[in-house]
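Notes follow once the structure below has been shown.
The values are calculated or read from the model by the stated rules, or taken from the named source; none is laboratory data. Nothing here was measured: the structure is a model prediction, and the numbers come from that model. Every residue, glycine among them, receives a Cβ derived from its backbone with ideal geometry; neighbour counts consider all protein chains shown. Remember, those area values only see protein heavy atoms, side chains included, never the ligands or the DNA or RNA. Shrake-Rupley method; radii C 1.70, N 1.55, O 1.52, S 1.80 Å.
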Amino acid sequence: MSLLEVKNLRMCYQTSQGLIKAVDGVSFEVKKGEALGLVGESGCGKSTIALSIMRLLPPNGRLLGGEILFADEDLLTKDEEEMRKMRGRRISLIFQAALNALNPVHRVGDQIIEAIQAHERMGKEEALRRVEELYRLVGLDPGMMGSFPHQYSGGMKQRAIIALALSCNPELLIADEPTTALDVIIQDQIIKEILKLQKEFNLTLIYISHDISLIAETCSSIGIMYAGKLVEYAPTIALFQSPLHPYTQGLLSSYPSIKGPKRRISPIPGEVPNLLHPPSGCRFHPRCPRAKEICGKEEPKYRRIKEDHYIACHCVNNSAL
Amino acid sequence: MNLGRFILNRLGQIVITLFIITTFLFLLFRMMPGDPTSMILDPKMPPEAKELIRKEFGLDKPLMVQYLYYLKNTLTGNFGKSFYYPETVLEIVKRKLPPTILLFTTAVILSYLIGLPLGKTIAWRRGSRLEMGATVFGLFFYTVFIPWFGLIAIWVFSYRLGWFPIGGMLTPEVWAADVGLFPKIWDVLYHLILPLSVLTLLFFAGSMLLMRNSMLETLREDYILTARAKGLPERVIKNRHAARNAMLPVVTALTLSLAFSLNGGVLTETIFSWPGLGKALVEAVLNHDYPLAQAAFLLLAILVLFANLLADILYAYLDPRIKY
Amino acid sequence: MKKIIPLLAAFFLISGIIDPLFASTLKIGMQDEPKTLNPFKASDVWSWNVIGFFYEGLYTRNPVTFEIIPWLAEGDPEFDKKTNTCVIRLKKEIRWEDGVPFTAQDVVFTAQVFLDFKVPRYISDWDFIEKVEALDDYALKFYLKEPYAIFFTGTLMSLIVPKHIWEPIVEEAKETKSPLTTLLEYEVTKPIGLGSFRFSRWHRGAYVKLVKNPGYFASGRKVKGKIVGPYIDEILFKIYGTTDTAILALKRGEIDYIWWPIQPGFVKDLEGNPKIGVTNNPENGLKYLAFNLRRTPFSDINFRRAVAYLIDKDFLVRRILQNYGERMDNVVPPGNGFWFNSNTPKYGKGMSRQERVKKAVEILERGGYSWKRRPKVLENGRIVKGEGLTMPDGTLVKPFTILTPPADYDPLRAIAGLLIQEWLREVGIPVTSAPTSFGDIVNKVNTEWDFDTYLLGWRLSLDPDYMRTFFHSKEIVRDGYNSMGYSNPAFDRLADRSAKELDEEKRRKSIFEMQEYIIKEAPYIPLYTSTSIEAYRKDRFTGWVNQLDGIGNGWSFLFLKPIKEGQE
Amino acid sequence: MGRFKENFNLFRKNRLGMTGLFILLFFLLLVILGPILPRIDEMYRPMTGVDKEILWSTPPSRAHLLGTDFMGRDILSQLAHGARIAFMVGISAALASVLIGTLVGLVAGYFGRLTDTLLMRLTDILLTLPSLPLIIIIAAALGKQSLWIIVGIIGLIGWPSTARVIRAQTLSLKERPFIEAARVSGASNFRIITRHIAPNILPLSFLYMTFGVTGAILAEAGLSFLGLGDPSVVSWGMMLQWCFTTGHTFRAPYWVLPPGLSISLVTFAFYLIGRALDEIINPRLRER
C-alpha cells in the first residue's frame, strides 16, 4: 500500500518576469517503509515537490493542478489548520541549509520541545525526557540541550534537526539535501544515522539530493528529475544497471561511483534550461546527445516501460529493450 | 571579552567622541565674531563696562588659554558661565535635562511600543490594506514638518477643543497653591500628553518600518521554514520566531533613530514651550549664549551616546550569539 | 477608560481649588522669565518687570504729564547753583518690608555702591556726583562735580537698595579680586524691598509670584486725583514662549495681561472679543538706518540724502507695520512732546515713487555723481533702472550691504531692509540687504566698525540725553555708541552744553538745534517708530494707565482694581 | 537602457512610489507656473510685490487664490516661489551630501586600513549627533543668514548615512572577481574606482539622494521657522515664520496651511519615491 501518492503535480512561481513552472506534471508514489530518492540538478524542482507536500510554498508559489494523496487523503485540499497538524507530526521535513535551520536566539532543546508541545499535550518534564531520548538516538550529548545553535558544530546541528524531525514519530520523513553543508565524513555519518533510524522506526523516506551516489546508498527506488519533470523512475538496482534516459546516463557517468569501478567524470555539456521559457518538446533535447527531430517538437510521455521502471523519452522505446 | 570590559571600552570611545565634539564646538564658536557683549546694546552701558565683561569671561586671554579653561570647565562639568543668564551653565542645564528626558524617553518608548507590534503585523500581512494604510499614515508623520504639525495640534486640541494646555510643563496656579504631590504629578502629565502624542506620532513610523523590513528579512530565514515544518501555529511563528529575531537589527537601528528623534524633540520642545534642553539650545543660539548652547548640545550628544550604549547592552542581552 | 475618569476628576478638583484662590490675583504673561533678581546686574526687560515692583526711587514721573514728582523724597530738590549741591529731604515712616526703617543712610549707601563699583547700568547717571552726605536720618546733600540735566531725570530716579541687607554682601565683594563681578554675580534669592509688592516665589521656567506689600508707603496717597493701591493681592507671572500661546491663554482667561507688544495681526481677532481689551500706545523707540561715515560713498552727505529720499517710510509704516506705527523724521519721537522738534526736514514726505527717484537723481547729479546708464522715469510712470553709479572722483560705487536683523529678532526689519534694497537699486545703487544675527551686527558695528550701513532700533528714554551718546564724537571708541563715526564739533559743543543746562527751556532750545543737525547731516536716517499694541482682559481688572510704551507700567499696577463678580 | 526600463516598470507597480511621483509632478508644475504670475501683474512678485488695494492679510479671493499675507503679498505666488526654493535647497544640499558621502564611503571601503578606520570613526561620530541641533549651532555661529550657506551646512552634515552604505557596498564589490581581474590586468586604483566600482554604486547613491532631499528640505524649513533662515528668500519655512511672527497662525488657515502642507507633502513624496527605489535596488525587500 502506498503511503504517499503524487499525481500529475503541477506548480509554478509567480515572478515579475512571468511564471516559472517549477514542477510540471510529476507523478510518483512511495510505499510504506520504502525509501524513495529524488535526484536532479539544482533548480529542477525537487525541493518544490518537498515544499508542496508540506504545503509550505512561498507566497508566490501557485498550485496549477494535481493531487498529493497522503494515506488516501488529498493534502492539497486540506485547510491550513488541518495541514499544520500534519506537519511535524505525520510528515517531517529536513531541508537544505541545516546551518540556519535552527533559530539562533532560542536554545536548541527548547526548539524541539516546542515542536512536541505543538502537537501533543505534554508537560515540560516529559517533553524534556523525550528530547533527551531523541538526543541519544541521534548521537548527541543530552547535556547540549540547553545550548544555543551557534554553540553546535555543523554536524551536531544536523543531528539536532533530525532529532527535531523525529520528535513526534512522523510516518513520512522528507530529507531535502540534508547534508549539503557538511564535510564528507560528517555527511557519511549523518546518512548512516538516517538509514539506521529509518530501519529502526520503519520510516517512509523521501530523500532528495543532487548526488546520485548518496541516493544509491539510501534508497530502494530513485526518481530522476530534469527541469520540473520526472524523466525516469526505477528501483535503484535496475536504474544503476540499465539507465535508460540519456540524462540519467549522463548523470551516472558524471559521478564517481562508490561501488562500481572507477570511471572518468564526464559532466553533461550545456546549461540547465531557464524555466521561464523552457525548451519546447523534450526539455532535455538541447543537451541530449541522442536528440532527434521529434524531441524538439513533441513532449515525450511519461510511461511505464518495464515493471517499476518509468521513463519519458522519445529515443527509448520498448523495442530497444 | 566580558560585559564590563565592553562597557569600559565603549565608554572610552564615548569620551574620545565627546572630546572631539567639545573641541569642535570650541573652535566653531571662538573663531566666529561676537562675544557675550554682542547682545548688549544699551546706551547706559559705557564701553569700559563691555571690556570688563569680556575680561570677566576670560575672552581677553589667548585662544589656547581659553581652550584649556574651557576643557577644564567642561571636564569638571560646570561648563562655565552663561553669557545670558547670571547662572553657571551647569545650573541651567540641570534644570533643563529632566524635562527633556521625561518627554524624550517616554516618546521613544511609546513609539516603539506602538511601532514594533505594528511593524510586525504589517510585515506578516504584507500587501494587505492594513500595510498600505499604516505605511502611508506613518510615513506622512515621519516626514511631516514638525513645527507646523505641532502648531496645528495646538490649534485643534488646545485652542478649539480646549482639551490640553497650550504649552509649558506645569500650571503655575497648581504649583503655587501648595496642593501636594499627586496633583502636581497629574498636572505635569496633563501638560505632557499633547507634546508626547505629537512626538510619538512622529516617531512610530520609524520603528514600524524598521521592524517591517527586518521582519520581512527574517521571514525568509530557514528557521522560519523549520518552524513551519514543525507545525507550529502561525501566531507562535510570528512572535516567537520571526518577531523575536527581527528585533535584533531594530535594536541596532534604534541607536540611529535616537539621534533622529532628538531633531524632532528640539522643534517640539520649542513649539510646546517645553522647558527642556532642546528649547534651551534654540534659545541659547538665538541669544548668542554660546556656553549654554555648547553645553546643551553636548548634553544632547551625551544623551544619544549613552542611549546607544544602552542599546548595545540590550542587543547583547537579546542575541545569545554575542558575548562581550 | 476606568483609569482616566479618576484622573480627570482629579484635574477638575484642582481647577476647583484654584479658581477661588486666585480671584484677586493678577496673572501676567511674560515671554521669558527674569534673568536675575539682582538689581545691580539686571539689564533685561523681563527681570525689570519683576524687580521694578520691589524698589523705588527718590523721585518719579507723573503718570499723565511725565512731570517729576517726589516719591521717597519729600518736596522738590533744593539745588544750589553756586556750590553745585542739592539738598533732598525724605519722607518719614517708610519701612523696608522686613520692618527696618528707610533712612538717608540707605541712599548714601546705594550712591556709594554705584560710585565705588562703577556699576555699569547706573554709572552714567552718577559719575558726575562727587559724593552724597546724610545731613540727618531724613535729609541728604548731593555734591555734583558739574551740573548735569540728567541729575534730575536720571540720578534722582535711580532705585535705592536697603543698606542693612546689602552692606555685608558689598563688603564681602570688596575683599575679592574682582569686586564688581562678585557683586553682579551675587544671586538674590529673596529680595527685600519697599515697593508695592514683595517677592514670594520663583519656580524657574514656570512662574514668579509676588504678594501685596501691606505696608506700602504710598498706599492711600493721592496721585493726580486717584488713590494709590495696590488693590490686588497677588501677581503671578507666567511664562509663555510665543505670542500665539499667550494670546490663547488670554482668551481662555489663563492670564489677564500680556506684558509685551503684540503684532497687528492679532488685533482684528481680539477686537471682536468682548472680554478682551486692546490698547495702542506709541512706543518710545526709533528704527533707523545708519551709515559708516568712514567709508565712501557714505561719507558724502549728498549720497546719504539721496538715500533718505528713496526710502518710502510711509510704505514701511502702512505695509510692514500695518499702520501700527508712525514715520519718523527725527531721532526724538513725536510722542515725547516736550523735546520733539517738528521742524526738521522731512525727506520725501508725500512723494510718489517716481518723484523720489527724480529727486534722488537730481541730488546725486548735483553732487557730481554719474551713471553708465542714467535711471529714467518714463511718461507712463515706469522706472528704467539706473546702472553703474559713479562717484564724483570717477570710481564706481562698489556694491555694499545693509546689515539687517534676522527673522528671529525682527522679521519686519528684515523685510524693510529688503524693500530698501529694491528702492535703492532702482537708481543704480548697488546694495544688498544682508540679514545677519543680532550679535554679529553689534559686533561688526559697535566693536569692529566693519560695516557699510545697518538697520537697527533703539528703545529711548524720555530724557533726550541719548542724542549725546549716539552722536557725540567722544563716543567714537571701541564699543562706543557713535558707530557711524559722526563727528561735528559744533554738535559736540551743543550736546555738552545741553547736558549741563539745568534750565529746561534753554536746554530745549539746544536739544532742538541738535535734532536739526542730525537730520540735516543724516548720519542716521530715522525710519519709523512702532505702536505698542497690548491686550488685556476687560472682565477681570480695571484701571489700566495708558502711557508711552504701553499699559505695563508701575502706575497701572498701583491703580488696578479687580472687577467683582457680575460687574463689568 | 533596458535595465532602466525594467526598473521603471517595477517602479510603476509600486503604488506608493507612484503617489510620490505624482505629488512631485504637481509641485514641479507649481515651479514652472511660478514665474508666470509676476509677468501678469507686478503685485504677484513673491517678495516685494503688494496688492495696492489690500493692506493686510485677506482670505482667498479671485485676485489672490490663496489670499494675501500680512502686508498684502500674494500667498500663491509665494508658495510657487517657495516650491522652487524647496527643490533647489533639497536637491543641491542632498547632492552635496551624497557626493561627500559617496566619496567618503568609496575611499574608506576601497582603501581600508587606517583611512577606513579614521573616516568611519568620523562618520560614526557625525551619525550619532542629532543633526538639526548641530545645523542650528553651526548656522548660528556663522551668523550670516544666507540660503547658500544654509544649503552648505546641511550638505556638510548629511553625508554619514550614505557613506556607511556606500562603504559596505564597496567592500563587497571589492571582493568580486571582476575587480580582481581588473587589478591583475594592471588597472590603477583610480581607474578601478571610477570604471568598475562607481557605476555599481551610483544607483545606491541616487537612492540616498532622495532621502537626503527630504532631510534637507525639512532642515531648511526648520531653520527658517526658528528664525535662522534667510529672510530675503521666500521659502516655505520663511512663509510660516512670517505667519507665525505676525500673529496669524491661529486665524489665517489659508496662510498657515499651504506652506506647511507643501513642506510635508514634498518631503513625503521624496520619501515615498526613495522607498520605492529602495525596494527595487534592494531586492531583499522586493516581493518575490
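Net charge near C:Y207: determine it from the other residues with C-beta under 10 Å of the C-beta of C:Y207, scoring Lys and Arg +1 and Asp and Glu -1.
On the way: positive: C:K27, C:R201, C:R204, C:K209, C:K238; negative: B:E173, C:E33.
Net charge around C:Y207: +3.
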- Task: With a 1.4 Å probe on protein heavy atoms only, tell me which residues of region C:171-198 lose at least 10 Å² of accessible surface in the complex relative to the chain by itself.
- Result: C:L180, C:T181, C:L184, C:E185, C:E187
- Query: Of all DSSP beta bridges located in the protein assembly as shown, what percent are antiparallel, nearest 5?
  - Reply: 75
- Note on the structure: Taking B:R228, C:R478, D:R195, C:R327 and ranking on accessible area (1.4 Å, protein atoms only), highest first, one gets D:R195, C:R478, B:R228, C:R327
- Task: With θ set to phi - 60°, apply the Karplus curve 6.51 cos²θ - 1.76 cosθ + 1.60 along region C:157-164 and write out the HN-Hα couplings as whole Hz, x wherever there is a Gly or Pro.
- Result: 9, 4, 6, 10, 9, x, 5, 5
- Task: Treat each spin label as a single point 7 Å out from the Cα along the C-beta direction, and report the C:T395 to B:L71 distance in nm.
- Result: 4.6
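Expected output is a single nm value to one decimal: the length gained when fully extending between C:E146 and C:K376, i.e. 0.36 nm times separation in residues minus the C-alpha distance. What is it? Provide the component values of the computation, followed by the final result.
Details: separation 230, 0.36 × 230 = 82.80 nm, distance 5.68 nm.
Once the chain is fully extended between C:E146 and C:K376, it gains 77.1 nm.
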- In nm, give the distance between the simple-model label positions of D:L33 and C:I227, each being 7 Å from the Cα along the Cα-to-Cβ direction. 6.8
- Among the trypsin sites (Lys or Arg not before Pro) within region C:518-568, which fall in a DSSP loop and have no more than 11 other Cβ atoms within 10 Å of their own Cβ? C:K564
- Task: Give the residue from D:H81, C:L389, C:Q354 lying farthest towards the positive end of the charge dipole for the protein assembly as shown; charges sit on Cβ (+1 for Lys and Arg, -1 for Asp and Glu) and the dipole is referred to the Cα centre.
- Result: D:H81
- Centroid-to-centroid separation of region D:192-270 and region C:220-243 [C-alpha atoms, Å]: 46
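At a probe radius of 1.4 Å, figure out the C/D buried accessible area, summed over both chains, and give it in Å² to the nearest 100.
Details: alone 25980 and 15580 Å², together 38990 Å².
Roughly 2600 Å².
Let's test the formula: R0 of 30 Å, r as the Cβ-Cβ distance of A:E271 and A:I185. What FRET efficiency results, to the nearest 0.05?
Working: r = 32 Å, r/R0 = 1.08.
The calculated FRET efficiency here is 0.40.
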- Length-normalised contact order of chain C, Cα under 8 Å, at least 6 apart, in percent, tallies to 17
- Item | Phi-based couplings in Hz for region A:279-293 (Karplus 6.51, -1.76, 1.60; Gly and Pro marked x) | x, 6, x, 6, 5, 8, 4, x, 9, 7, x, 10, 4, 10, 4
- Item | Cα centre as origin, Lys/Arg/Asp/Glu Cβ charges: region B:93-318 dipole, Debye | 860
- Accessible area expressed per residue, the protein assembly as shown, with surrounding protein chains retained (probe 1.4 Å, Å²): 40
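What FRET efficiency would be calculated for the residue pair D:F190, C:K174, taking the C-beta separation as r and a Förster radius of 45 Å, to the nearest 0.05? The partial results should precede the final answer.
Values: r = 71 Å, r/R0 = 1.59.
Once the sixth-power term is evaluated, E becomes 0.05.
Using the Cα centre as the reference, give the magnitude of the dipole from point charges on the C-beta atoms of region C:500-550 (Lys, Arg: +1; Asp, Glu: -1; all else neutral), rounded to the nearest 20 debye.
Roughly 200 debye, rounded to the nearest 20.
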- Item | Percent accessible area from carbon and sulfur atoms, region D:66-285, protein chains only, probe 1.4 Å | 69
- chain C: calculated mean residue ellipticity at 222 nm from DSSP helix runs of at least 4, using -39500 (n - 2.57): -9000 deg cm²/dmol
- Determine ³J(HN,Hα), in whole Hz, for all residues of region B:149-160 in sequence, where each value follows from phi through the Karplus function 6.51 cos²θ - 1.76 cosθ + 1.60 and θ = phi - 60°; x replaces Gly and Pro. 4, x, 4, 5, 4, 5, 4, 6, 8, 8, 7, 6
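Give the calculated FRET efficiency between C:E187 and D:A168 to the nearest 0.05, with a Förster radius of 56 Å applied to their Cβ-Cβ distance.
Details: r = 54 Å, r/R0 = 0.96.
About 0.55, to the nearest 0.05.
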- Would you pull out the residues with amide H under 5 Å of B:S273's amide H, same chain only if 5 or more places away, H placed 1.01 Å from N? B:G168
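Using the structure shown, select from B:K81/C:K92; B:K44/C:K131; C:K174/C:K444; C:K474/C:K506; C:K81/C:K177 the pairs with a Cα to Cα distance greater than 32 angstrom.
Values: B:K81/C:K92 43 Å; B:K44/C:K131 21 Å; C:K174/C:K444 35 Å; C:K474/C:K506 23 Å; C:K81/C:K177 40 Å.
Listed pairs above 32 Å: B:K81/C:K92; C:K174/C:K444; C:K81/C:K177.
Residues with beta-carbon under 11 Å from that of C:S487, excluding C:S487: net charge, scoring Lys, Arg +1 and Asp, Glu -1?
Numbers: positive: C:R294, C:K474; negative: C:E475, C:D492, C:E521.
In short, -1.
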- Given charges of +1 on the Cβ of Lys and Arg and -1 on the Cβ of Asp and Glu, with all other atoms neutral, how large is the dipole of region D:66-285 about its Cα centre, in debye to the nearest 20? 540
- In whole Å, how far is the Cα centre of region C:402-456 from that of region B:127-192? 39
- Computed label-point distance, nm, for sites C:E355 and C:N62 using a 7 Å Cα→Cβ extension: 4.1
- Query: With all protein chains present, how much of the accessible area of region C:287-381 (probe radius 1.4 Å) comes from carbon and sulfur, to the nearest whole percent?
  - Reply: 45
- Amide H to amide H, which residues 5 or more places from C:L456 or on other chains are under 5 Å from it, using H placed in the peptide plane? C:Y288, C:A290
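Between the DSSP loop rule and a limit of at most 14 other Cβ atoms within 10 Å, which trypsin sites (Lys or Arg not before Pro) in region B:233-324 are left?
On the way: sites: B:R235, B:K238, B:R240, B:R244, B:K279, B:R321, B:K323; in loops: B:R321, B:K323.
Taking region B:233-324 and a limit of 14 other Cβ atoms within 10 Å, the loop trypsin sites (Lys or Arg not before Pro) found are B:R321, B:K323.
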- Under 5 Å, built H, 5+ apart or other chain: amide partners of C:W371: C:T390
- Message: Need one value for C:264-277: mean number of C-beta atoms belonging to other chains within 10 Å of its residues' C-beta atoms.
- Response: 3
- Is the shape of chain C rounded, prolate or oblate, going by the alpha carbon gyration tensor and its root eigenvalues a ≥ b ≥ c, with a/c under 1.5 for rounded and a/b larger than b/c for prolate? oblate
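Over region A:1-122, what is the relative contact order in whole percent, taking alpha-carbon pairs under 8 Å and six or more residues apart? Intermediate values should be presented prior to the final figure.
Numbers: 144 pairs, mean separation 31.9, N = 122.
The value is 26 percent.
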- How about region A:58-76: which of its residues lose at least 40 Å² of accessible area in the presence of all protein chains relative to their chain isolated, using a 1.4 Å probe? none
- What is chain A's relative contact order, in percent, from Cα pairs under 8 angstrom and six or more apart in sequence? 20
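How many percent of the accessible area of region B:93-318 is carbon or sulfur, using a 1.4 Å probe?
Values: 5130 of 7320 Å².
Carbon and sulfur: 70 percent of the exposed surface of region B:93-318.
Give the C-B buried accessible area in Å², both sides summed, 1.4 Å probe, nearest 100.
Buried area between the two chains comes out at roughly 5000 Å².
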- Message: Going by Cα centres, region A:214-230 and region D:132-158 are how many Å apart?
- Response: 68
- Item | Helix-derived mean residue ellipticity, 222 nm - over chain A, DSSP H n ≥ 4, -39500 (n - 2.57), to 500 | -9000 deg cm²/dmol
